[in-house]
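Trainee: Before anything else, here's the structure in question.
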Amino acid sequence: MSVRTDPATEVRRRRATPPRAVWGGAAIVVVLVLAYLLSAGQPYLATVVAGAAVYATAATGLDFVVGWLREVSVGQGAAMLVGAYCGVPFLEAGVLVAGLVAAVAGLVTGLVLGLAAVRVKGFALATYTLIVALAVELVFTSVPALGGGVGRPVIADSVVGIPLDTTTTAMLCVVVAILGVLLHARLRRSMTGLAWRGVGLNPSAAGSVAVSPVGARLAAFGLAGVYAGVAGFLFALVSGYLAPTVFGFELAVLMLAMVVIGGRGRSLGAVVGAVVFTVYQQVAPASAYSDAAIGVVLMVVVWFAPAGIVPYVGTGLRRARRRWWPGSPGGMGKELVA
Amino acid sequence: MATVIVGLCVGSIFALMACSIVVVHRGTHLVNFAQGEIAALGVFFYIQWVVLDGGRPVVAIVAGILIVGVLGLLFGIIAGRMARTGDHLVPLISSFGLFLATRSITVGVWGPGEPYQIPPLFGGDGWQLGGELIPFSYLFVLGVSVVCAGGLYAVARFTTVGLRIRALVENRDAAEVMGIPTARLQLATWFVGTALAAVATFLFFQNNYVVTGSIDSVLIPAFAIAAVGGFEHFGAVVLASAVYGVGSQLMSQYLTFAGNDVLSLVILVVLLFLMPRGILVAKSARYSS
């Protein structure tokens, strides 16, 4: 069954609906305003917003590996750890410089995590990332020069001349998360993104059309590392404290859960997963059992709704649009031709 | 010499845990990253029944191992159905979900960082060798590991069930055509593999405090060792475990405890990077699920 659009209807639709960029811009403005309203003058809520944004950034990066390459990495926590530890000492040179250093450190860690992806896949690769992540955590825990298991405080004064309080830190995290999602969305529609996703679906087929599976896998792991490095650095800024145990294996599994529950391979999937996780953390009573529900939900979602919850949200929005805005894309202007 | 023997004792625990991973993988081509957490449930069941409620140790151990085996079997049933979706990530990601759920429950019930101690099953001082004392508990660990590994080998080599499992490993379709109940055999490998992990966990905690999450210190090197063996080769797994155990014991004489752990893991990482498909494994071996 194919979908054919009547030309006259198509013209009417184009006139009636704003372009995608306008929708995206409006959504970004809404997110920024909402984040500001939530965090302005409310330190606790600002920390919650910042935490959600940091999770969204790291999880969006992980989606390059999980959603596009269709591999599992539990090394995202390690890349966050390295990014944070490398970026924080450069805070005296400015937050932007420190963030850049964190991104480079994350890139290197991501490449180290992805080195095995050149030769193995599946659970063998997941095992490799698990062991590398643990080794990184142990190194940072056991070497006193790096702060050891005790950790250290993190103090930042300002970013581009604006004093860093809880509100500005939260807004900085939200802006970084938005930039991360925009880059993900842009890459997704580009030839590069198509090539990476092709490697994830069928490396041999991708190789036959001159796409290098090795290069694509390494690049995806590296980019995931960049996101994690920056997210780790922001995490340190938000919490005001840096300790290796914070970025442990469980955080990496939670990142994986955010990507899967939100929706693998979609630009907004990890963001939705991060927001759902943050809201759950706030709503659920503080208990040692709280992660158990996330584990069970992860199992259920990956089995019964492997595309995550975003497609369901998308379907709901399309239905609403069909009902309230018939001329919009996917609305009533299309004829189904068998 | 005593250091080498203690190293072999420690290595035997890693070998048993790594063998449990290999058993499951050979039979099902799946890996359960929550295997250690499920296995630790057996020990916590023992602590609850024996240490806290004063029950009988032997019954508690047998029951703990059986319960863990059944839990592994249940996950095997679920993972088998998940594998039918055709997406290899589904059972893999689910095992991480199971890990998160199990870890959370054990922390909730038995507390985070709460140290428990299992009374040693084999008391006494130890064996004097060259002026150094090798505790009997270590020798007991080595003995049980050898018996388990020997039993596994004997079952695989000399029994009909073992023959059928080997046929399943070689070619599942051909085994099915010959009338071998492959689905039931796969469930059996889930049960045996997870129960074996429970035995390894009991042995590990003979000489260590039981703390929630501390099983990671066995499970993660065991996964690395299983990977070094290509998730297929028992011989390579046993060899790598022995080298890891003895090596880490020898290094512990010169390095701090944490430094020793780091170096051991770094060596495994380098080994995995150089030979990601494992040692002693043919290039045609299968690695992805």
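Trainee: State whether the residues of the range B:206-226 include one that is in contact with a strand residue (DSSP E or B) (Cβ under 9 Å, 6 or more places away or on another chain), in contact (Cβ under 8 Å) with a residue 24 or more places away in the chain, among the β-branched types (V, I, T) and surrounded by fewer than 24 Cβ atoms within 10 Å (Cβ to Cβ).
Mentor: Yes, the range B:206-226 has at least one match.
Trainee: Kindly check whether there is at least one residue in the range B:109-128 that is closer than 30 Å to B:M82 by Cα, within 14 Å of chain A (Cβ to nearest Cβ) and surrounded by fewer than 19 Cβ atoms within 10 Å (Cβ to Cβ).
Mentor: So far as the range B:109-128 goes, yes, one or more of its residues are closer than 30 Å to B:M82 by Cα, within 14 Å of chain A (Cβ to nearest Cβ) and surrounded by fewer than 19 Cβ atoms within 10 Å (Cβ to Cβ).
Trainee: Tell me which helices (runs of 4 or more DSSP H) are completely within the range A:122-233 and hold 1 or more residues being without any contact (Cβ under 8 Å) to a residue 12 or more places away in the chain and away from chain B (no Cβ under 13 Å), or say none if there are none.
Mentor: A:166-189, A:191-201, A:203-208
Trainee: Among residues belonging to the range A:96-115 that are within 13 Å of chain B (Cβ to nearest Cβ) and surrounded by fewer than 24 Cβ atoms within 10 Å (Cβ to Cβ), point out the one that is farthest from B:G230 (Cα to Cα).
Mentor: A:L111
Trainee: Here's something else I'd like to know. Here is a list: A:A46, A:A78, A:A105. Which entry is in a helix (DSSP H, G or I), over 30 Å from A:Q282 (Cβ atoms), out of contact with any strand residue (DSSP E or B) (no Cβ under 8 Å at 6 or more places or on another chain) and touching a residue at least 40 places away in the same chain (Cβ under 8 Å)?
Mentor: Checking each option against the conditions leaves just A:A105.
Trainee: For the range B:225-282, what are the residues that are over 18 Å from B:S145 (Cβ atoms), modelled with pLDDT of 80 or more and at the interface with chain A (Cβ under 9 Å from one of its Cβ atoms)?
Mentor: B:A227, B:G230, B:F231
Trainee: Determine which member of the set B:L92, B:L71, B:L66, B:L41 is surrounded by fewer than 18 Cβ atoms within 10 Å (Cβ to Cβ), outside any loop (DSSP other than H, G, I, E, B) and not polar (S, T, N, Q).
Mentor: After applying the criteria, what remains is B:L66.
Trainee: Looking at the structure I just gave you, is B:L142 touching a Cys at 6+ places or on another chain (Cβ under 9 Å) and of a type outside the set (D, E, K, R)?
Mentor: It is true that B:L142 is touching a Cys at 6+ places or on another chain (Cβ under 9 Å) and of a type outside the set (D, E, K, R).
Trainee: In this structure, is A:V211 more than 27 Å from A:A50 (Cβ to Cβ) and hydrophobic (A, V, I, L, M, F, W, C)?
Mentor: yes
Trainee: What is the residue count in the range A:287-322 for residues that are exposed (fewer than 14 other Cβ atoms within 10 Å of the Cβ), over 20 Å from A:G67 (Cβ atoms) and within 14 Å of chain B (Cβ to nearest Cβ)?
Mentor: So the count comes out to 1.
Trainee: Check off (1) in contact (Cβ under 8 Å) with a residue 60 or more places away in the chain; (2) within 28 Å of A:L146 (Cβ to Cβ) for A:A93 and give me the number that stays unchecked.
Mentor: Tallying (1) in contact (Cβ under 8 Å) with a residue 60 or more places away in the chain; (2) within 28 Å of A:L146 (Cβ to Cβ), A:A93 fails exactly one: (1).
Trainee: Only one of these is modelled with pLDDT of 85 or more and in contact with a Lys or Arg (Cβ under 8 Å, 6 or more places away or on another chain): B:T201, B:T189. Name it.
Mentor: Unique residue meeting the criteria: B:T189.
The values are calculated or read from the model by the stated rules, or taken from the named source; none is laboratory data. No experiment lies behind these values; they were computed from the predicted model shown. All Cβ positions, glycine included, derive from the backbone under ideal geometry; neighbour counts span all protein chains shown.
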